[in-house]
Structures are given as C-alpha cells and as structure tokens.
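Report on the structure given below.
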Amino acid sequence: MLAGRRKERLAALAKELPGSETIELDVRDARKVAAALDGRAFDVVVANAGLGRGLGPLQAGESSDWDEMIDTNIKGLLHTVRATLPAMIERGRGDVVVLGSVAGRQVYPGGNVYCATKHAVRALYEAMRIDAAGKGIRFTTVDPGLVETEFSIVRFRGDEERAKKTYTGIDVLTPDDVADVILFALTRPPHVNVGEVVLWPTDQASTTMVKRRT
C-alpha cells in the first residue's frame, strides 16, 4: 500500500510497482489513518512522513510551523503505528521501520523544534521496542544526515535556490542509499533485528560540521 497526500505522486509510483494499492492519506488525521489502516495485515510498515519548517531561533518561531512539525513528525508516526501494530502483534510477526534523523541525536542552530520532534521519534522507537517486547516484531530506526530530497524545498517554502545551497559542494546521500539500508534491515533472518542505523554522507561529520568543496 502506498499512502501519501499527493495523489499524482502516488499514481506515478504505482506505475513502477505493479499490483500496489494507493490511498490518498494525511497521517496527521488520526481518524482517516485508522479507517484506512486498522486491521490490515501488513508485513512491513515504513513510517516515512516528516518535514521541517524554517531555520530561525526558537524565540522567533511560528506556532503554526511548530504545530505542523509536531502533528506530522510525532503524531503522524503515532497514528500510523497505533493503526498497524496491533495486527502485527496478533500474528506474531512484522517489521516497523521509522525514518528518524541525525537531528534526533544532535541539535543544531535553528533546528530547535524540528530536532525536538526527531528526538521524540527516537524515544518512540525505543518505547515501541519495550512495549512490544517478545511479540515477534522487529523495530528499526534509520537516521540519515543530509539526503537530497524535497526536504529543504519544503523547509524553505519552495525556495529552490536556497534549498540547493544546502547540498552544494557535498556528495550527499540519495533516497536510494537510505532505501538500501532499509532493505538490508528487512532481509535479515527473523531472529536478527537491525535496530538503529545512523547514515552519514562521508563529507558530513556532524549536524554542524560539513566539508564542502568549492
């Protein structure tokens, strides 16, 4: 099942994945998530929804931006897991993969609330492991550094030029790099749980230290 907010993106992806089912869904809406996912027997759930807004100091932040990040990054994960994990537990098997971030391990200037949401995601990953211990479910968090996606375009509200500068002079990660790591974790023997993967571009030493080539 391919779930997301943008119908046209889902349709395009479905063409690459024959036999897939698509559903237009905003994970911030608990009722709609429950209606779409409750009771479905998923083998794997990849919780990928997330976004950042702005890079200003906390004292200049916008509450609407905070709400959007909290509702998407934290509550969206909660809604997804609440709707899908019970069926996995009932069957005694399944994988839940959470897309975290190095921002959930290190705070950086201007990252305040976004970093806080990703710290919460990491805490929820750890809590799920404890709450579902012994139930046959594997939990994995993949925490990447700089990955060239639409993340920065969203963060800078469509300013593509500013977003491009985020990745200039760096051999950044690609979505395929992240997908490869997820696939590796999912294809281990059932008794092996690859729990936490931190994925950095070689040019990035920390959230605040990046080696750029001119």
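Coordinate-derived values only; no laboratory data. The model shown is predicted, which means the values in this text are computed figures rather than measured ones. Virtual Cβ from ideal backbone geometry, glycine too; neighbours counted across all protein chains shown.
A simple rule links phi to the HN-Hα coupling: the Karplus curve 6.51 cos²θ - 1.76 cosθ + 1.60 with θ = phi - 60°, which for the stretch 162-167 gives 5, 4, 4, 5, 4, 10 Hz, with x for Gly and Pro.
A Förster distance of 22 Å, applied to the separation of the beta-carbon atoms of L17 and A41, puts the FRET efficiency at 0.75. Net length available on complete extension from R5 to E126 is 40.8 nm, with 0.36 nm assigned per residue and the Cα-Cα distance removed.
Of all aspartates and glutamates in the structure, the ones whose alpha carbon falls short of 19 Å from that of K211, not counting any fewer than 8 places away in one chain, are E148, D171, D203. Of the trypsin sites (Lys or Arg not before Pro) found in the stretch 158-214, those in coil by DSSP whose Cβ has at most 11 other Cβ atoms within 10 Å are R212, R213. Compute log10 of I(q)/I(0) for the chain with the Debye formula, placing one identical point scatterer on every Cα and leaving out solvent, at q = 0.08, 0.09, 0.14 Å⁻¹, to two decimals. Values returned for q = 0.08, 0.09, 0.14 Å⁻¹ are -0.29, -0.37, -0.92.
Please compute the net charge surrounding A87, taking Lys and Arg as +1 and Asp and Glu as -1 over other residues with Cβ under 12 Å from its Cβ. Provide the component values of the computation, followed by the final result.
Values: positive: R40, R82, R91, R93, K135; negative: D38, D43, E90.
Value of the local net charge: +2.
DSSP loop (so not H, G, I, E, B), at most 16 other Cβ within 10 Å: list which GluC sites (Glu not before Pro) in the stretch 1-88 pass both filters. Provide the component values of the computation, followed by the final result.
Details: sites: E8, E16, E21, E24, E62, E68; in loops: E21, E62.
Passing both the DSSP loop test and the Cβ count: E21, E62.
When D38, D176, D203 are arranged by Cβ crowding within 10 Å, least crowded first, meaning fewest neighbours, the order is D176, D38, D203.
Mind giving me the FRET efficiency for T174 and E90? R0 is 25 Å, r the Cβ-Cβ distance, nearest 0.05 is fine. Please report the intermediate quantities before stating the final value.
On the way: r = 37 Å, r/R0 = 1.46.
Using R0 = 25 Å, I get an efficiency of 0.10.
Here the Karplus relation 6.51 cos²θ - 1.76 cosθ + 1.60, evaluated at θ = phi - 60°, turns the backbone of the stretch 32-47 into coupling constants of 5, 4, 4, 4, 7, 10, 3, x, 6, 8, 7, 7, 9, 10, 10, 8 Hz, with x for every Gly and Pro.
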